[in-house]
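The values are calculated or read from the model by the stated rules, or taken from the named source; none is laboratory data. Being a predicted model, the structure only gives us computed values, none of them experimental. Heads up, the Cβs are rebuilt from the backbone with ideal geometry, glycines too, and the neighbour counts pull from every protein chain shown. Please note that ligands, DNA and RNA were not included when accessible areas were found on the heavy atoms of the full protein model with its side chains. Shrake-Rupley method; radii C 1.70, N 1.55, O 1.52, S 1.80 Å.
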Amino acid sequence: MLNSNEIDSYTQISTSQTLCSGLLETNFKVKDLLNYGDFGFGATAGMQHNIMILDGEIISPTLDFIDEHVAISFISHFTLDGNLQINNAMGIKELRNKIKDNFNSTNIINLVKIKGNFDFVKTSSFPKFSRPYPVITADIVNRSVNSRHYSTSGTLLAFWLPEFCKCINAGAGGLHIHYISNDKMICGHVLDCNISSGTAEFSSKHTISLKLPESSEFQNLELGSNDELIDNRIEAWAKDGVGGKEL
């Protein structure tokens, strides 16, 4: 049985800056993630596959990959603190604002689950890498591939981290959103969408647990050397919907 501290925790494996510095792999495996929650998302080593965790199930449209290592992940236990009915169609900007307006506070971690029907969802797939991993540049982010999916039903999963968490998460200060369709065939980071109807559920957390890679690679990694250009580009991709190239 989980204690109150575990339920109230947001767990992050690795950091945005670690990824950008060229370490796209940790010692954690996908199957380990359920130890930290029943809700979340991330990517496997080298950004090879999306990881989605919804209602305690690890979901991916790809082949079984639970023994693969994790590059980065965001996980928590979703405990319902409130909900919001969405009856009017709206684009992602209006949706982001509406969700933010319903937070108890923007100074804590907020989890959002939106089950709905969508006129379209636009996702972005980050470039995939094998060892040796590169330092991430703005040009690499620009190579992300955008895809539009029309008339789809599914779930948006989102995290809001306070602005002061930018040192570990480039998406802090905004909603970082992923999508999984009901048929589990569409899975990815969300740039844009138009929702026609749905229900939003909220869960708030007050504790942050950061799991750093346990490896000599991480211990010897030169952190803090990234320039402002890549910091801004990752932030725009994570929370502002600025993707890469269109299919």
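Among the residues of region 130-139 satisfying the criterion of being assigned to a loop (DSSP other than H, G, I, E, B) and open to solvent by 70 Å² or more (accessible area, probe 1.4 Å), which is farthest from Glu222 (Cα to Cα)?
Among residues in region 130-139 that are assigned to a loop (DSSP other than H, G, I, E, B) and open to solvent by 70 Å² or more (accessible area, probe 1.4 Å), the one farthest from Glu222 (Cα to Cα) is Ser130.
Give region 117-129 a look and list any residue that's part of a loop (DSSP other than H, G, I, E, B), surrounded by fewer than 20 Cβ atoms within 10 Å (Cβ to Cβ) and of a type in the set (Phe, Trp, Tyr), or say none.
Hit for region 117-129 is Phe129, nothing else.
Can you pull out the residues in region 21-42 that are within 16 Å of the chain's Cα centre (by Cα) and either open to solvent by less than 10 Å² (accessible area, probe 1.4 Å) or of a type in the set (S, T, N, Q) (or both)?
Selection gives Leu24, Val30, Leu33, Gly37, Phe39, Gly40, Phe41, Gly42.
Pairs only if they're at least six apart or on different chains, beta carbon under 8 angstrom, first in region 19-30 and within 14 Å of Arg131 (Cα to Cα) and touching a residue at least 24 places away in the same chain (Cβ under 8 Å), second buried (at least 23 other Cβ atoms within 10 Å of the Cβ) and of a type in the set (Ser, Thr, Tyr); list them, first residue then second.
Leu23/Ser14; Thr26/Ser14
Kindly evaluate Val70 against the criterion of being β-branched (Val, Ile, Thr) and open to solvent by 70 Å² or more (accessible area, probe 1.4 Å).
The answer is no for Val70.
Could you please tell me which pairs satisfy a Cβ distance under 7 Å, a separation of 6+ or placement on different chains, a first residue in region 173-192 that is charged (D, E, K, R) and open to solvent by 10 Å² or more (accessible area, probe 1.4 Å), and a second residue that is in a strand (DSSP E or B) and modelled with pLDDT under 95?
Cβ pairs passing all conditions: Lys184/Ile59.
Of the residues in region 140-163, how many are in a loop (DSSP other than H, G, I, E, B) and surrounded by fewer than 19 Cβ atoms within 10 Å (Cβ to Cβ)?
2
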